[in-house]
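Visitor: There's a structure below that I have some questions on.
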Amino acid sequence: MQISVFGLGYVGSVSAACLARDGHAVIGVDVDEDKVRMINRGKSPIVEPGLADLIASAEQAGNLRAVSDPRSAIENSSVTMFCVGTPSHENGSLNLDYVRQVCQQIGEALRMKSGFHVVVARSTMLPGTVRSLVIPTLEVASGKRAGIDFGVCVNPEFLREGTAIYDYDHPPKTVIGATDTRSSELLRTLYAGLAAPLIITQVEVAEAVKYADNSWHAIKVNFANEVGAICDAAGVDAGAVIDVFLQDTKLNISPAYLRPGPPFGGSCLPKDLRALAWFARMHDLDLPMINSVVPSNQAQIERALRVIQRQGRRRIGVLGISFKADTDDLRESPMVKIVETLHGRGYDIRVYDPNVSQASRNGANRLYIRNAIPHIHCMLTSDTAEFLRHAETIVVSNKSQVLQHVLEQSRPDQCVVDLARYLPANGCRTAISVEPPIGKREPIQHRSFLWRPSQSYTKRLHNAAATA
């Protein structure tokens, strides 16, 4: 392919060199004349193991050159990648000046060009930036329409400094968010030789993935360091503890617990986190991350309450009140806190949870249910018809299969607030993490704010359960 790469910094230089090595005709573009001259002399503008040799070979083979003129680069390419910086302002917001400028340049060049052209964003930008800034700037500058006259893709990079060339050739995944199928298929062809999962998704998902990755990496570093501090204070070998921790690939280093859903509860997690926080205080240890986990969980509970109350309906039906699916354990259940708060604010509530109802009659938790939370005991019902007659809003708290038949009988006039993300992610649910869009920004298409049953609901629900 003929590819132009705007921005010859770290990501741009590595991307341009690797693409040229793979046989593509690559034109680098930068406003810095020194970078342009270095590329054209076969030298690397950044320090990265192996990059200087790669650039020298690509330049000598005639596959890589650099210019400072955006129009000539666009005219002589069919795909344009921009890899400009998005540094932070003092308040933490992104400085998007470079993105705006490069999109203006690309758009002006596209105005003069005939034929379909694909613009690929490799710069790291917050979800919504492509829709709110990149596409409008390109359209105004070019006088053309995204998805019709030109395509726009988001293709985040996963390159680590010091191992960037290896990471380019062995990515953990290749993610492509596209405005149209034509553009995504072109990029799919570009990356066909990489032995990694190739994921075609929505533009906003591709934007958010990079932030999810980097946040998780930072959390892992801080987690290991805070566990190390606790172990040091206790006289325990921190390395040995982490070695044992890492051998658990079922719960620890795995997808377990990494699905958005309801807050955590139960007899273990809250208690153990409080014990660690107390231990840290006794040893004058500052553990900001571990100490913030319980407050963060409480914030999730408050967010769920806001979503439920936003529906504006006073009669609430709660599907599942135990702290997780398929148990009758109510200890530190976030749903108990939610129900108690709603009850205190005057909401009329019914709770359907067969496991808890049975435990209230003859289970081990009978005395706790009847004595510690008697007001909730009075809300329990085993009659699905009565539950459905009562509920104007149905709150789904977990993914227990025993709740499925109740949802199947819900009416079109009932709101369903899906805190457990039980329903298919197809734009028809209210999820715990969803807040109204800021300002006039349109909501992401696959995250609408209210779910109502449709005629195809039952079929989709069964398909989702079968997939899970």
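The values are calculated or read from the model by the stated rules, or taken from the named source; none is laboratory data. Bear in mind that the values here come from a model prediction, so they are computed numbers and not experimental data. Note that each Cβ is placed from the backbone with ideal geometry, even for glycine, and that neighbours are counted across all protein chains shown. Keep in mind that these areas ignore ligands, DNA and RNA; they rest on the heavy atoms of the full protein, side chains included. Shrake-Rupley method; radii C 1.70, N 1.55, O 1.52, S 1.80 Å.
Visitor: Scale the Cα Rg of region 11-166 by the rule-of-thumb value 2.2 N^0.38 Å and send over the ratio, two decimals. Numbers along the way, then the final one.
Guide: Working: Rg = 15.6 Å, N = 156, 2.2 N^0.38 = 15.0 Å.
Normalised by 2.2 N^0.38 Å, the Cα Rg of region 11-166 equals 1.04.
Visitor: How large is the charge dipole for the chain, taken about the Cα centre, if only the Cβ atoms of Lys, Arg (+1) and Asp, Glu (-1) carry charge, to the nearest 20 debye?
Guide: Values: 50 positive and 48 negative charges, 369 e Å.
The calculation lands at about 1780 debye.
Visitor: List the residues whose amide H sits under 5 Å from the amide H of residue 333, counting only those 5 or more places along or on another chain, with H placed 1.01 Å from N in the peptide plane.
Guide: Under 5 Å from the amide H of residue 333 lie the amide H atoms of 266, each far enough along the sequence or on another chain.
Visitor: Using only the alpha carbon atoms of region 135-187, find the Kirkwood hydrodynamic radius as the inverse mean reciprocal pair distance, in angstroms to one decimal.
Guide: Numbers: mean 1/r = 0.0782 Å⁻¹.
Kirkwood radius, region 135-187: 12.8 Å.
Visitor: Over all directions, what mean area does the Cα convex hull of the chain project, stated in square nanometres? Don't skip to the answer; put the middle values down first.
Guide: Numbers: hull surface 107.1 nm².
The number I arrive at for the chain is 26.8 nm².
Visitor: Can I ask one more? Determine the calculated [θ] at 222 nm for the chain from helices alone, applying -39500 (n - 2.57) to every DSSP H run no shorter than 4 residues and normalising by the residue count; nearest 500 deg cm²/dmol. Don't jump to the answer; show the numbers that get you there.
Guide: Details: 18 runs with 201 residues, N = 468.
Calculated from helices alone, the mean residue ellipticity at 222 nm is -13000 deg cm²/dmol.
Visitor: What translational D, rounded to a whole number of µm²/s, comes out for region 316-363 from Stokes-Einstein when the hydrodynamic radius is the Kirkwood one over Cα pairs, at 37 °C and 0.692 mPa s?
Guide: On the way: Rh = 11.0 Å.
Here the translational diffusion coefficient equals 299 µm²/s.
Visitor: Please list, by residue number, every one of the GluC sites (Glu not before Pro) in region 54-121 that is coil in DSSP and has at most 14 other beta-carbon atoms within 10 Å.
Guide: Working: sites: 59, 75, 90, 108; in loops: 90.
Of the GluC sites (Glu not before Pro), the ones in loops of region 54-121 whose Cβ has at most 14 other Cβ atoms within 10 Å are 90.
Visitor: What residues qualify as long-range amide H neighbours of residue 351, i.e. H under 5 Å apart, gap of 5 or more or another chain, H built at 1.01 Å from N?
Guide: 318, 380, 381
Visitor: Would you mind getting the accessible area per residue of region 207-314, heavy atoms of the protein chains only, 1.4 Å probe, in Å²?
Guide: Working: 6680 Å² over 108 residues.
Roughly 62 Å² per residue, with all protein chains present.
Visitor: Once phi is turned into ³J(HN,Hα) by the Karplus curve 6.51 cos²θ - 1.76 cosθ + 1.60 with θ = phi - 60°, what whole-Hz value does each residue of region 85-101 show in order, with x for glycine and proline?
Guide: Those phi angles translate into x, 10, x, 8, 6, 4, 8, x, 5, 7, 8, 9, 4, 5, 5, 4, 5 Hz.
Visitor: Further question on the same structure: Count the lysine pairs in the chain whose Cα atoms lie under 14 Å apart, taking only pairs 8 or more positions apart in sequence or on different chains.
Guide: On the way: 35/43; 113/144; 173/210; 324/337; 324/399.
Counting lysine pairs in the chain gives 5.
Visitor: While we're on this one: Packing-wise, with mean Cβ within 10 Å as the measure, how do 5-16, 128-139 rank, highest first?
Guide: Working: 5-16: 25.8, 128-139: 19.9.
Going by the mean number of other Cβ atoms within 10 Å, highest first, we get 5-16, 128-139.
Visitor: Any idea what log10 I(q)/I(0) is at q = 0.10, 0.14, 0.16 Å⁻¹ for region 78-229, Debye with uniform C-alpha scatterers and no solvent?
Guide: With one equal scatterer per Cα and no solvent, log10 I(q)/I(0) is -0.38, -0.72, -0.91.
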